[in-house]
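K.L.:
First the structure, then my questions, so here it is.
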Amino acid sequence: MKKNSLFEWVKAHPEDPATKALLLRQLESLATIDDDKLQKRLLKELIQNYVALEKRVDSLLKNTLPATVAEEIKFEDRFLPRTYQCTIMFTDFVGFTSLAETIPLNTLVEMLNLIYTEFDNQINCFKGTKIKTIGDAYMAVFGAPIEYDEHPVWAIRASLDLVRVMEHFNLTAEHPFNIRIGIHTGQVMAGVVGKERMQFDVFGDDVNIAARFESSSAENRINISEKTYSLSKDYFDFEERGSIQLKNKADMRAYYVLGEKH
């Protein structure tokens, strides 16, 4: 009996004690049904909200960390430090300090955001992993945390594309940015550091060497180590520089990348 029909039937038998008992049982049953529907609806909404929140947290986590690292942290509650053979790339902008003195800071930040957003896109396209930015310095690795062959080749291809990105940017920019890039291949120790704003990072002497190759590069040039050269010489044309001085390091042979072989 429907709820409205029940009340109509009761109105027609106001003095029947059995009716009152029946009414009570029917209303209790109806209340149970209504509560069950309400509980199911609330449970469904709770699950939907939880799933939406989980997706948002997952998206934020993977925006902060490489996807494979984020997944391991989700299921293992940590990312154990491990070694990788990979290629490390550093970039910065020539004369950035003096440039920063001539451009309003809000404009400078907007320009860096525009440039680095495009850098992020290109690094992803060439199988790289962005590590971090510090001021005008940009760091990425190839071959970690996902290992694959020919990571030196992909690093150089990405670097050539970053040079093209900056050439295109400077066509319309009021203040041109001239990039400088350094690349070295070696062994790193990788891990997730920190509790607040966790960060996937790489450590080791080969990281320092890559940074030195960047600082000893020239405007709009890609300066690579002999190790990277030996692993990619079949794919690109190079200009040999001979041995160069590296800050706080022994002299090392270096090469400028001229372009991809046809």
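Bear in mind these aren't lab numbers, they're just calculated from the coordinates by the rules spelled out. All of these numbers come straight from a predicted model, not from anything done at the bench. Counting neighbours? That spans all protein chains shown, and the Cβs are built from the backbone with ideal geometry, glycine included.
K.L.:
Would you mind checking which residues have amide H under 5 Å from ARG253's amide H? H placed 1.01 Å from N; only 5 or more apart, or other chain.
P.N.:
Here GLU226, ILE244 satisfy the definition.
K.L.:
Can I ask one more? Which whole-Hz ³J(HN,Hα) couplings does the stretch 126-141 yield from phi under the Karplus relation 6.51 cos²θ - 1.76 cosθ + 1.60, θ = phi - 60°, glycine and proline marked x?
P.N.:
9, 6, x, 10, 5, 9, 5, 10, 10, x, 9, 8, 10, 10, 8, 10
K.L.:
May I pose another question? Write out the GluC sites (Glu not before Pro) in the stretch 101-150 meeting two conditions: DSSP loop, and at most 16 other Cβ atoms within 10 Å of their Cβ.
P.N.:
GLU147, GLU150
K.L.:
While we're looking at this one, here's another question. Can you work out the Karplus-derived ³J(HN,Hα) for every residue in the stretch 173-187? Use 6.51 cos²θ - 1.76 cosθ + 1.60 with θ = phi - 60°, whole Hz, and x for glycine or proline.
P.N.:
7, 5, 10, x, 10, 9, 8, 9, 10, x, 9, 8, 10, x, 9
K.L.:
A 23 angstrom limit on the alpha carbon distance is what I want to check against. Which of LYS130/LYS227; LYS130/LYS249; LYS227/LYS247; LYS130/LYS247; LYS195/LYS249; LYS127/LYS233 exceed it?
P.N.:
Too far apart for the 23 Å limit: LYS130/LYS249; LYS130/LYS247; LYS195/LYS249.
K.L.:
Additional query: Using the Karplus curve 6.51 cos²θ - 1.76 cosθ + 1.60 with θ = phi - 60°, what ³J(HN,Hα) values do you get for each residue of the stretch 219-228, in whole Hz, with x for Gly and Pro?
P.N.:
4, 6, 10, 10, 9, 10, 7, 5, 5, 5
K.L.:
Net charge within 12 Å of VAL165 by Cβ-Cβ distance, Lys/Arg positive one each and Asp/Glu negative one each, not counting VAL165 itself?
P.N.:
Its environment carries a net charge of -3.
K.L.:
Right, next: Below 13 angstrom from the Cβ of CYS86, what's the summed charge of the other residues (Lys, Arg +1; Asp, Glu -1)?
P.N.:
Charge balance near CYS86 sits at -2.
K.L.:
Sticking with this one: Under 5 Å between amide H atoms, partner at least 5 residues away or on a different chain: which partners does PHE236 have, H built in plane at 1.01 Å?
P.N.:
LYS261
K.L.:
Additional query: What length, rounded to one decimal in nm, is gained on full extension from GLU76 through to GLU226, with 0.36 nm per residue of separation minus their alpha-carbon distance?
P.N.:
Length gained between GLU76 and GLU226: 50.2 nm.
K.L.:
Related question: List the chymotrypsin sites (Phe, Trp or Tyr not before Pro) in the stretch 73-171 that DSSP assigns to loop (not H, G, I, E or B) and whose Cβ has at most 14 other Cβ atoms within 10 Å. Which are they?
P.N.:
Taking the stretch 73-171 and a limit of 14 other Cβ atoms within 10 Å, the loop chymotrypsin sites (Phe, Trp or Tyr not before Pro) found are TYR148.
K.L.:
Taking square-rooted eigenvalues a ≥ b ≥ c of the alpha carbon gyration tensor, is the stretch 79-260 rounded, prolate or oblate, where a/c under 1.5 means rounded and, failing that, a/b exceeding b/c means prolate?
P.N.:
oblate
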